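Reading through the structure tokens given below for one structure.
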Amino acid sequence: MSIPRIPRTPRKSTRRLLATSTAVGIGLLLSAVGVGAQPTTTVRRAPTTSALSYGFVEPSAEAVANGNVWITNQGGDSVTEVTPDGALVRLLSAAAYGFASPSAIVRAGSNLWIANSQSLTEIASATGAWTRTVSGATTGVVKPVALAVSGSDLYVLNSTESVAMLDSVTGALLGVAQGSTYGFSAPTALAVAGKSLWVTNRTGNSVTELDLGTLAWVQTVSSSADQFDAPEGIGFDGEHLWVADSASNAVTELTADGAFVQVINNATGPYGFDAPRTVLAKRSVTFITNPPGASPMITQIADASGGANWYKCNTNGPYEFADPSALAVDGSRLFVANETGNSVTVMSAATGALITVLS
């Protein structure tokens, strides 16, 4: 069953980028849900739990830590923490945190790292207390746009076409990958896969593989079979890599070592792809955002086959998707940050049924 499409509207000129992270299992119980099926869950608006409300202003990235979901507000220079049930825990916006257009967030141990326009901020996930701010060219942090973690190593992707590796415990710089050898070209996202770090190159129509321990260049993948077309998001499900090709309404699947598996698009199945951008890969399913237009999509695909389990848009119910920019799974719930809607949509991660909208 096809979903009626609403004519696309121009996207904002500023593009928010999402940090990807190492895949972890979530043990989702998948239900057979027809594409375009109406959600059965009763919709409710989550109550405001503080005079400050949620503080969502251009929510841009999400991470799960200490049993809660953390959301960066790129337009509000703040970070919001909510419980899996959507209750507000805290809104961090004090100048002491050094937040400045925060666009990425990742958990490292018991702490969280947030990418600002020119720096990184580390906070304790248990209390929200500030730990440190890292900035300056000597730290390797220069206009960071994406973050990833492996063990105690923190990887920082800079829009200046470089990757820095930091010690997440001390903040010390461990190494930098930069230069024409790496094939970086408007890099947008990171994914850790085994002993490798993968980087998407939006204008290069390629992905670059680095050695996780040394940041040494391994390969740049850009064969015609891969059909990369403005790749923006990347995720690793434990076996395969999934790359969102934003300019061709497709997703490319690769093995962990970069070998081509398949390209999936709207001609090969009911995916609802429309400039797919953000990829959140888990061990059994992968979620993909399709942000343009007045009716964006959230698509869930099965990792084993690449087939679509379901996709949802605003015609399925009052999801209130508006330029979805980030995804996070906490327990059985999928949290979708709506950048231009200043809200977060909470869905069933298994079926896509709408639970609530936080705003």
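FYI, it's all coordinate maths here, none of it is from the lab. Every value quoted in this text rests on a predicted model; they were computed, and no experiment measured them. Here the Cβ positions follow ideal geometry from the backbone for every residue, glycine too, while neighbour counts run over all protein chains shown.
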Over what distance in Å are the Cα centres of the range 197-248 and the range 296-311 separated?
20 Å
Between the alpha-carbon centers of the range 124-145 and the range 66-98, tell me the distance in whole angstrom.
16 Å
GNM of the chain, Cα pairs under 10 angstrom: of N338, N290, N205, the biggest fluctuation goes to N205
Between V57 and A124, the two model label points (7 Å from Cα along the beta-carbon direction) sit apart by a distance in nm of 2.7 nm
Could you grab the relative contact order for the range 44-358? Cα pairs under 8 Å, six or more apart, rounded to a whole percent.
11 percent
On the Cα set of the chain, report Rg and Dmax in Å, please.
18.7, 55
Choice from T83, T121, T188 showing the highest fluctuation, given a GNM over the chain with Cα pairs closer than 10 Å:
T83
Listed residues G272, G86, G179; largest mean-square fluctuation, Gaussian network over the chain with Cα springs below 10 Å, found at G179
